[in-house]
1. Most mobile of B:Gln41, B:Gln67, B:Gln54 per a Gaussian network model of chain B (Cα springs, under 10 Å)?
2. Hey, in the GNM for chain B with a 10 angstrom Cα cutoff, which one of B:Phe69, B:Phe90, B:Phe103 fluctuates hardest?
3. With an 8 Å cut-off on Cα pairs and a minimum separation of 6 or more residues, tell me the relative contact order of the stretch A:1-66 in percent.
4. Rg to Rh for the protein assembly as shown: what is it, with Cα atoms only and Rh by Kirkwood?
5. What does the charge count near A:Glu55 come to, summing +1 for each Lys or Arg and -1 for each Asp or Glu among other residues with Cβ under 11 Å from its Cβ?
6. Between the stretch B:74-90 and the stretch A:38-97, how many Å separate their Cα centres?
7. Could you check the simple spin-label distance between B:Ser111 and B:Ser7, using points 7 Å along Cα→Cβ, in nm with one decimal?
8. With a probe of 1.4 Å, find how much accessible area the protein assembly as shown has per residue, and write the answer as a whole number in Å².
Amino acid sequence: SQQGEEDPQALSIQEGENATMNCSYKTSINNLQWYRQNSGRGLVHLILIRSNEREKHSGRLRVTLDTSKKSSSLLITASRAADTASYFCATLTTSGTYKYIFGTGTRLKVLA
Amino acid sequence: AAGVIQSPRHLIKEKRETATLKCYPIPRHDTVYWYQQGPGQDPQFLISFYEKMQSDKGSIPDRFSAQQFSDYHSELNMSSLELGDSALYFCASSRTGLGEKLFFGSGTQLSVL
């Protein structure tokens, strides 16, 4: 089963609104990353948060990490139509292997 | 800046044929990952290499094999293709293999007819 599970699986909002996506995972992690994917294209790295960090910001992105609950959230503020994409979280476990596990993704649609 | 290069971009094969996908990581990146993504699905980890040695294996069928060469490029070989192998195959590379972000190629769209 996938390490990361995301919710909601699909999200539709109006331009200017905030979008929040959640990710839960099962095992201990070294870090958690969020990626964005436009339809049929490669994934693009957005932000990385390490296991000893609780919050991180990058432009309109805010990521939180709660290792006690094994969950993370990605907040996109003041969304734009160009933010329409699928968003995935990926975790690197602490087992020492080179394996990033991706969650099921949230398909975000921002309506102009 | 150089990115991860994958070839071919599109590939059409018949059932039971063989396919070879190539990946050229970003220079000085020492870890390569292969992922398979079916339509509407999340990327599934197949296999990874660190410094040309296989480092981890995911849900990769026995019909698939991969290797990383001395110039760090990697190839994913797929034999006895099945309809269910139709998917987007991504290669990603990273610099240290641990705790660093992944850089993805544009993927190879494989269609098995």
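1. Taking springs between Cα atoms under 10 Å, the residue moving most is B:Gln41.
2. Checking each option, the largest mean-square fluctuation is seen for B:Phe69.
3. 21 percent.
4. Reported Rg/Rh (Cα atoms, Kirkwood Rh): 0.97.
5. Within the 11 Å Cβ shell, the charges total +1.
6. If you average the Cα positions of each part, the centres end up 28 Å apart.
7. Going from the B:Ser111 label point to the B:Ser7 one covers 2.2 nm.
8. Result: 46 Å² per residue.
The values are calculated or read from the model by the stated rules, or taken from the named source; none is laboratory data. In this text, all values refer to a predicted model and were calculated from it rather than measured experimentally. Positions of Cβ are backbone-derived with ideal geometry, glycine not excepted, and every protein chain shown enters the neighbour counts. Side chains included, ligands, DNA and RNA excluded: accessible areas come from the protein's heavy atoms. Shrake-Rupley method; radii C 1.70, N 1.55, O 1.52, S 1.80 Å.
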